Every structure is written in structure tokens, then in C-alpha cells.
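The values are calculated or read from the model by the stated rules, or taken from the named source; none is laboratory data. Predicted model only: the values in this text are computed from it and were never measured. Reconstructed Cβ throughout: ideal geometry from the backbone, glycine too, with neighbour counts over all protein chains shown. For the accessible areas, the whole protein counts, side chains as well, though only heavy atoms, and no ligand, DNA or RNA atoms are used. Shrake-Rupley method; radii C 1.70, N 1.55, O 1.52, S 1.80 Å.
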Amino acid sequence: MQRRAITVSGIVQGVGFRPFVFGLATRLQLTGFARNDARGVIIEVQGTPSALDEFLAALTREAPTLARIEAISSRVIPPQDGAGFEIRESDSGGHADVFISPDVATCGDCLRELFDPADRRYRYPFINCTNCGPRLTIVTGAPYDRASTTMASFTMCEECRVEYEDPLDRRFHAQPIACAICGPQLRLLDQNGELLESDDSLRGFAGAILSGQIGALKGLGGFHLVCDATNEHAVQRLRSRKHREEKPFAVMFRDVALAAAHCHITAAEEELLRSRAAPIVLLRPNESRGVADSVAPANPLLGVVLPYTPIHHLLVEAVNQVPLVMTSGNRSDEPIARENDEAVERLRGIADVFLVHDRPIHVRCDDSVTRIVAGQELPIRRSRGYAPLPINVPFTSPAPILAVGGQLKGTFALARQNHVFLSHHLGDLDHHQAYVAFESDIALYRELFQFDPAYIAHDLHPDYASTRYAQATGLPLIAVQHHHAHMASCMAENSVTEQVIGATFDGLGYGTDGGVWGGEFLVGDYTGFTRVAHLRYVGMPGGDQATREPWRMALAHLRDAGTGCAEFDSRIADTERRVVEQMLERRLNSPMSSSAGRLFDAVASLVGVRDRVSYEGQAAVELEWLATGRAECGSYPYEFCDASNREAQVIDTRPMIRAIVADVQKKTEQRTIARRFHSTLASMITEACQRISRERGIRSVVLSGGVFMNALLTREVLARLDTAELRVYRHRHVPSNDAGLSLGQAAIAAARLKDEPHRTIVI
Ligand code: ZN
Ligand code: ZN
Ligand code: FE
């Protein structure tokens, strides 16, 4: 007989781990106990050494679906008397510095019960268990138990309580446990928020959708607007009411089979669709295109999501499996609506009918969006289903660090030891409501993770709302350059520790010279970087306005290249053009920028794709779509200018602009120019990396920044760098855009603190 004390750490609480251990110990005829404490789950087991070995092996092999084991430690201790195995109550305060689970899509067991007429939760829209259901979105504080969720006001009925307290029940300590007797209920409201009497609210809602109306549905992390995706009128009405002229909508299909009737789905894509995070996956529609054209106008991809809550499952059944548009319940780019009254207020005039319920959403959490590119995941938005899972990083943070991210696509991160807990998507911090959520969700995460930051990492940009927040805390600050953070973000999620070449291409980021950077080649690691090359600086006439009006960037590049383009001139009013020309000449409100994103905008406008955009990055995205269907067809010239000593090398884009103008004048097809432009950038990035590699003896490259959301460019750069025999790292867990900044800031701050632990660092 031997006795072992085992500690299991990671996501092991609130996921059915102790009942699992109980079953395992019983099967192997071991005696002892399991209980939670602040480190995770503590187990003592006693039996033959071989049974104990088998127990240890099975702990990881057979762990419950939602568990994520980080470490298991085991030591031999003196045997004790005692029979049987028991689950012990947690020590007081035994709720762990551990982890909070993300929200989880309805599991197979719950789904079976949902449609089983004999089950007591038959058709109950809030069915869940230890393996599935709401988590992050209902948490109001720590520790994670019923009282600290938005289920606190629902008193469990006797039957639910028995399940909740039975260690062997699959709802043991499932905090959101509920049933039709004791749990939340659905209600149907009209467009003014008045209660509609209905014996079946869900079928009433489904009927409205089928008759072409627009519904607002309270989901897991916020409201969605819903309509029949096959009804062109309904989709167009939703578009005009939502003031969302072109941005694509996601579509919910009943199951993979139905989605596959509309889209090409690879095994990797199917795996993502079916995963318990249930993100929106971007797929390539097939010819049948069974959804209305205005769902994703001119877009070669369709965002597809499977039902992930019991309400969704009941709804897709009630609408006879017609595909449903599911888009965030907001106007244009505001944060998603969360509370019932707020939704009625904000969605008035958009929704004809509301399906609401009385389980409050505490944390606003948008759908995650992802896709597969070149055989690997390319995350676009990491939120519901992923947050607040930590990213494991290849270093140990010497102190707790809060990193507050950027301004657009805001996220924040908590770094502790070798974990960085990354928040859900907060949106654009320019929006007051997004900023309010940013503040309150930081406070919530601090409480949940019992996290008391000693340092705050932030972007160098003095005007970001996140920077101002950091400054107002009074904590020691660590300022991080924008593109360095992008680079470190990609390094951290790939566990890279060596010196790298960071090809960071994005819209805009504040440079150490006060310039607007965005087409950068950096060399360095977490502790520091050198800017070794960048795209040529061009004026951005009107600053932010140049982002909304790509024609301004086109004009700036034309003037910079000393050329003109009659086709371009003919589309832009003379007066407007002259004003912008004067701004450029006199350098009035025209900050100099090396932005690759703005270069995309300029080319999109020159080619005639788009002179003005209705959402950020639209011109670049449309240029990508245009080029995607075209085979490779050559590229344009560019030049590496010799760097004067100690200065970064400049990549001259003027030869390319002149060649594009020549192509436009020759009436070369738009898609050919778009394709050549992509190949040019790919070639430029590869050549720059090769030169830097030769000069500095560095063989690893990381690709980061929002421009690498471009799948065509990413594919082509990967292929070329591979041919050049450089080792390439790309984002797979965190978006390459500004949503990844907080992770990079945390990594850099941790590395700097390690170097100089006793100094407060403000650069
Ligand atoms: Zn379940
Ligand atoms: Zn109940
Ligand atoms: Fe950026």
C-alpha cells in the first residue's frame, strides 16, 4: 500500500473535476479524498503502486471536457487508515487564484435532454450543466459560485438542489443550474417593449422571423438582431435600419450538414464550428449561395455559426431550419446591447419584436470570429468562448502586470507568473459605453482573479483612452511602443524567446519619433527593439479623415511619386482635390506616416475600388477580395534606399505607385492590379527580411499587425519566407490586429521588470 498527495492546477474547478476524480478512484479501488483549494484540486489517494500510477495517467487522459490541466505534482506520504473515497468541501477561501471558464456551447447531453419529452427540462431554454452554459457573461464577482453570478436571485427548487449537491450528478456545482420551475423564463415584447401575451414566446418570435420581421434576441453575451437570411427584403431592411450599409452579417445554420449545403467546409473548419467556443467561422460559399445577396454583399466569404445556446437550438427548430442572420444588437459600431430596457431603448426602430429573459448578462461579450488560412487558425476576434482563458507564455512575470491595450479593438490583459489572462473584446474605446465597460470589466477581472497589479503597461500614444486610464491609476507605468507590442504579442503566443525580425504592418501606431508608424521592420526581443527598415513616409492629409477617405491617401501618394492620374482626378471634385493638395504642400494637418494600411487605402482608391469607406479597413479588405480570385501575375518595382548611418532603411514605394498609375491608364483589369499589389508587398516583406537576416544573422521572423488579417498577403508571405528558409511565426490564438496589443505589452513589461526589477520604468 502506498499513499500519494497530488495537486492538480489549471482550470479544474467548476468543471466537474472532483466527481471525475471520485469516479476514477472508485474504479481503481483507491481510498482517500479530493478537495478544492487555492492552488487547484488537492487529492490524496491510497492503493497499490500500479493502481496509483494508472490513476495519475488517467487524470490527464480522461479529464472532463472543460478542464485544462496546467500541472500535476505528486509525492509519496505515509499511508492512513480509512475506507472509501470522498469529496470534501473546499477550504474557506478555497476558490483558487485559478481560472474562470469562458462561456461554453450547449453540450450533447443537455441537447438530448432538451429534445426529450420525458426529461424534466424538455424544451427548457436555459438548460445547462457542469460541462456547458454561461460562465464569464454571468459572473459578478469572486469566488465563482451561485451567489456571485446573475443567477443569485433565482432560488433552486428541490430537484435542482439535489442535482447541484450530488457529487456524482452531472450538474454538481453547475452554478447556472435551473429548470422551468425555478429558473429564468422567456418573454416576448413588441417593438415598444410592451409584453406580448403568448403561450409560447419562442414560437411567437420564430413566427415573426418567418414572416420577414426583424427580431432582437437576448443571447449569451448581449443582444443579437435576427432575421430570415434567405429573405432579401428582411435582410435589406435590417441593413438600412441598422445603418450598416456593407459590413457582412453572420449566418446561423442549424448544423454542419446544412452549412455544408451552402459552403465549402474543410475538416479544420468543421472542428472550429463544432468546438465548444462555437465561434463565427468565415467560410467560402458554394455556387448555390442559398442566402440573400445582401447578407454579405460582394464578400467572397460567409460568416457561419452554429447554435450555441438552448434558445438557439429551439429557435432554429421553430423556424424550420431556415438560416438566420445573427448580428450584434447595436447601431453601426456601438457596443452590443446587454440589458432588456437598454436593448429596447437602443434597438427601437430596428427590431419589430424582442425575445428577452430575466437572467441578466453581466459581462458584455461579442461573438468570436475566426478562419482557417494556410492550414492554421487566423483569429479575427477572440471573445465569447475564449475569454478569459489565459495564454501560456514562455516567461515568468516578476510582478502582477495589467496591460491596457490600444484604442481600437480594445482588450486588456493580466499577467501573472507564466499566464496572461486576456479579456474579451471591448470594441472601440472612443465609444463611451465601450470605455465604461473597459473600466468596469478591468475591475471585475481584478476581483475574479484576485489580481492586484503592481505595474501598468500601456501604449506610447498619449491620447489613447487606455493610456489616460493607465496614467490615472497612479501605479508605476511601463510605456510600450505600438509595433513592438505587436511583435511581442506574436512572439509570446508562439513561445518565442530568441531575437526576431518583426514584420509589423498595420494601420497606425505612435512611433518613438512621434511619427505615425505602420509599415515596420523591427529587430529585437521582449526587452527592446531597433527599427531597421520602414515604408517611405507620406503625408496623411487631414489625419483621421484620411482613414475615412482613401482618396486623400491616393492623392498624397500621387504627389509624393510626382505623378498624376486622369482617371483618379475625374472622380474627385476639383475643389476638394485642391484643398488637399494645399494641405500636402504646406504640410498642414498632414502627419507623416509609414502606414501600410494607408498604402492599401491609397491603392484601393487609385484602382477605383473605393474612395470613401463606411467602416475601418473596408478599402483594404475589398482590394484583397478583388485580388483573391486572380492568379499570380507579376509585381511592381520598389527600392531599398541606402540608410544613412544609424538610421532605418527606407523602402521607396514611389516606383510602385508610378507603375500602378501606368496600369490604370492602360485600363488593366482592377483585379490584376490588386493582385500585383499584393505580390509586390509580399516580395518587399520577404526581401526586407532576407536583407536583415543576412546583416544581423537572425533567422526568425514574426508577422504581426492588422494588415496580416489579409489572408492573401499572409499566404503569399508565408510561402516566400518558407522558400527563403526563414522560420516564420504567425498569430494563431490572438488576432494580429490591435486586440493583441495588451498581450504584447504584458510580455514586454514582464521582460523589462526582470532586467531592472528595482527601477520604475518610464520611457
Ligand atoms: Zn450540458
Ligand atoms: Zn429547478
Ligand atoms: Fe496596430
Compute the relative contact order of the range 249-327 as a whole-number percentage, counting only Cα pairs closer than 8 Å that sit 6 or more residues apart in sequence. 48
Counting only residues 5 or more apart in sequence or on a different chain, those whose built amide H sits under 5 Å from that of THR140 are THR149, THR150
Where in the range 679-763 are there trypsin sites (Lys or Arg not before Pro) that are in a DSSP coil and have at most 10 other Cβ atoms within 10 angstrom of their Cβ? ARG759
Rounded tilt (10° steps) of 711-723 against the dominant C-alpha axis of the chain: 80
When DSSP assigns beta bridges and you keep just the ones with both residues in the chain, what percent turn out antiparallel, to the nearest 5? 75
Net +/- balance of residues flanking LEU186 in space, Cβ distance below 15 Å, scoring K and R +1, D and E -1: 0
Probe of 1.4 angstrom, ligands and nucleic acids ignored: what's the accessible area per residue over the chain, in square angstrom? 38
Pairs of Cα atoms under 8 Å, at least six residues apart: use those to get the relative contact order of the chain, whole percent. 11
Quick one: of the DSSP bridges fully inside the range 504-731, what percent are antiparallel, nearest 5? 65
Say R0 is 41 Å: what FRET efficiency, to the nearest 0.05, do ASP37 and VAL436 get from their beta-carbon distance? 0.70
Checking the cross-link filter: which lysines have an alpha carbon closer than 18 Å to that of LYS409, excluding same-chain neighbours under 8 positions apart? LYS247
Dimensionless Rg ratio for the chain, taking C-alpha atoms and the 2.2 N^0.38 Å reference: 1.00
Could you grab the relative contact order for the range 186-357? Cα pairs under 8 Å, six or more apart, rounded to a whole percent. 38
Counting only Cα atoms, I'd like the Rg/Rh figure for the range 328-378, Kirkwood definition for Rh. 1.13
Restricting to DSSP H runs of at least four residues, report the calculated mean residue ellipticity at 222 nm for the chain, -39500 (n - 2.57) per run over all residues, nearest 500 deg cm²/dmol. -10000 deg cm²/dmol
What do you get for the angle between helix 17-27 and the principal long axis of the chain? Use alpha-carbon atoms, 0 to 90 degrees, nearest ten. 50
Using a 10 Å Cβ count of at most 14 others and DSSP loop calls, identify the longest part of the chain lacking such GluC sites (Glu not before Pro). 288-497
So the carbon and sulfur contribution to the accessible area of the chain, 1.4 Å probe, in percent, is 47
Can you tell me how much longer the chain between SER288 and ASN320 gets when fully stretched, taken as 0.36 nm per residue apart minus their C-alpha distance, in nm with one decimal? 9.6 nm
Which value in nm describes the separation of the simple spin-label points at GLU165 and GLU339, placed 7 Å from the Cα toward the beta carbon? 3.5
Give me, ordered by chain and number, the residues 5 or more places off LEU196 or on other chains with an amide H under 5 Å from its own placed amide H. LEU188, LEU189, ASP190
Pull the list of the chain cysteines that no other Cys approaches to under 4.7 Å, Cβ to Cβ. CYS110, CYS129, CYS160, CYS179, CYS227, CYS263, CYS365, CYS490, CYS565, CYS633, CYS641, CYS689
May I ask you to list the trypsin sites (Lys or Arg not before Pro) in the range 563-666 that are in a DSSP loop and have at most 12 other Cβ atoms within 10 Å of their Cβ? ARG587, ARG612, ARG646, LYS666
